[in-house]
Amino acid sequence: MEGQVVGRVFRLFRHRLLQLRAGPPQDNSGEALKEPERVQEHSLPNFAGGQHFFEYLLVVSLKKKRSEDDYEPIITYQFPKRENLLRGQQEEEERLLKAIPLFCFPDGNEWASLTEYPRETFSFVLTNVDGSRKIGYCRRLLPAGPGPRLPKVYCIISCIGCFGLFSKILDEVEKRHQISMAVIYPFMQGLREAAFPAPGKTVTLKSFIPDSGTEFISLTRPLDSHLEHVDFSSLLHCLSFEQILQIFASAVLERKIIFLAEGLSTLSQCIHAAAALLYPFSWAHTYIPVVPESLLATVCCPTPFMVGVQMRFQQEVMDSPMEEVLLVNLCEGTFLMSVGDEKDILPPKLQDDILDSLGQGINELKTAEQINEHVSGPFVQFFVKTVGHYASYIKREANGQGHFQERSFCKALTSKTNRRFVKKFVKTQLFSLFIQEAEKSKNPPAGYFQQKILEYEEQKKQKKPREKTVK
């Protein structure tokens, strides 16, 4: 059964790659299988309040296969149990639930009972063929009890990208599971009935715990929602500013990027952070924060990808036929493979601007929110300076449909190095998808990126009178 599930996932995975190369699908009437791909949680919508927190809470445990020494992950607890589903919905749910255990235990089936195991918090993304996404927020740990035992995973499936908030929910689930599975139910039921808060808002849940009494749990959504799913701390711990800049440059040109690390948490956090640097653009290609052993052949794909692989599979990755790959060793802070031109992709002046901004006051930052804003800001500013004038080069018809004037847009840049970079960037899927959305909208979206564009334009206006005075 596991082989069939893996086969389905990988076949659909390759099918989706072909779809991305050919353009958006015209007909989504085919099978709605799940595939591991594209998370870029960094591009998840800016959800308004009112959406449900989650679809499922699952516990995935390791069970020994019959007549074999290997283990296989299976779902041993599910909340809620879905009933009265239509046939198509039931089939889709079955495929989803068969695929999830593979991503909760991506490290293969060679396990042994343990007395100590460090908890790990990570996430994965399953993308449907119609583009809809489900995120799995996972906490893997050793359950309480005497003697050697096997780790298990708590997994919350949601359509919402907010890693920090779901990490707190997993803390509450873990705390209740140490008492009894029965204590989890009322907490998750209350969470399921609560509406997901708008940015900056808080929802408070009332929950009873035996021997502790009634607790009030506050879940606050960050005000700056474009970074609510990201934690840059791991990326900064593993790599230098210069290396992060080279990864960003490779991602901007949609190359193949592989991250290697021991821990699932490190892999998950670093790949999400790398993808988040592309804001306001969305990585539209293969994206798997932790590649299961069964899908290691992903690294041989000819199309762009951003994936995370556990260090134990390093040799298999190195022996795979790959071209133009940036292979990042997060444990050692080195590049094991590279194309060689990563330092030359971005305009030199803008590279210096990013590095200067990253280095200023980094040691004075205390909170995760401060670190996130500090790291993200220079990369957002890079896009403001290179493509922030895009809205002025969308000509609109009477019905409001816009048409992007690519040639005039590129010519508007006075810097030759900036223009040379932008001429390459406008050919990427990143930029194409962004512009397609902009062409449909009569006005630029009133988001964080637009705010920074307006601030930059105001700064330029104020700078011009000063320059005239000096002359």
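Below is a table of values for the structure above.
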{"item": "Counting DSSP beta bridges with both ends in the chain, the antiparallel % (nearest 5)", "result": "80"}
{"item": "For region 139-246, accessible area per residue (1.4 Å probe, heavy atoms of protein chains only), Å²", "result": "41"}
{"item": "Accessible surface of region 367-459 [probe 1.4 Å, protein heavy atoms]: carbon and sulfur percent", "result": "48"}
{"item": "DSSP-defined beta bridges in region 232-350 - what % are antiparallel, rounded to 5", "result": "20"}
{"item": "Given Lys343/Lys395; Lys98/Lys424; Lys134/Lys452; Lys65/Lys168, the pairs whose alpha carbons are separated by over 32 Å", "result": "Lys343/Lys395; Lys98/Lys424; Lys65/Lys168"}
{"item": "By average C-beta atoms within 10 angstrom, highest first, the peptides 132-139, 174-181", "result": "132-139, 174-181"}
{"item": "At most 11 other Cβ within 10 Å, DSSP loop - trypsin sites (Lys or Arg not before Pro), region 314-395", "result": "Lys366"}
{"item": "Folded to 0 to 90 degrees: helix 429-440 orientation relative to the chain principal axis, Cα", "result": "80"}
{"item": "The chain, Rg to Rh (Cα coordinates; Rh as Kirkwood inverse mean 1/r)", "result": "0.98"}
{"item": "Added length on full extension, which subtracts the Cα-Cα distance from 0.36 nm per residue, Ser180 to Ala412", "result": "77.1 nm"}
{"item": "The chain, helix-only ellipticity at 222 nm - DSSP H runs n ≥ 4, -39,500 (n - 2.57), divided by all residues, nearest 500", "result": "-12500 deg cm²/dmol"}
{"item": "Residues of region 367-459: accessible area per residue with a 1.4 Å probe, Å²", "result": "54"}
{"item": "Compactness of region 86-232 - radius of gyration and Dmax, Cα, Å", "result": "16.8, 47"}
{"item": "On Cα atoms only, tilt of 368-387 relative to the major axis of the chain in degrees", "result": "40"}
{"item": "Reachable lysines, given that their alpha-carbon falls under 16 Å from the alpha-carbon of Lys463 and they are not under 8 places away in the same chain", "result": "Lys385, Lys471"}
{"item": "Region 44-190 - percent of accessible surface contributed by carbon and sulfur, probe 1.4 Å", "result": "48"}
{"item": "Within the accessible area of region 232-350 (1.4 Å probe), percent carbon and sulfur", "result": "47"}
{"item": "Those GluC sites (Glu not before Pro) in region 92-129 that DSSP places in a loop and that have at most 15 other beta carbons within 10 Å", "result": "Glu110, Glu116"}
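The values are calculated or read from the model by the stated rules, or taken from the named source; none is laboratory data. Quick caveat: nothing in here was measured; it's all calculated off a predicted structure. Note that each Cβ is placed from the backbone with ideal geometry, even for glycine, and that neighbours are counted across all protein chains shown. Note: areas computed on protein heavy atoms with side chains; ligands, DNA, RNA excluded. Shrake-Rupley method; radii C 1.70, N 1.55, O 1.52, S 1.80 Å.
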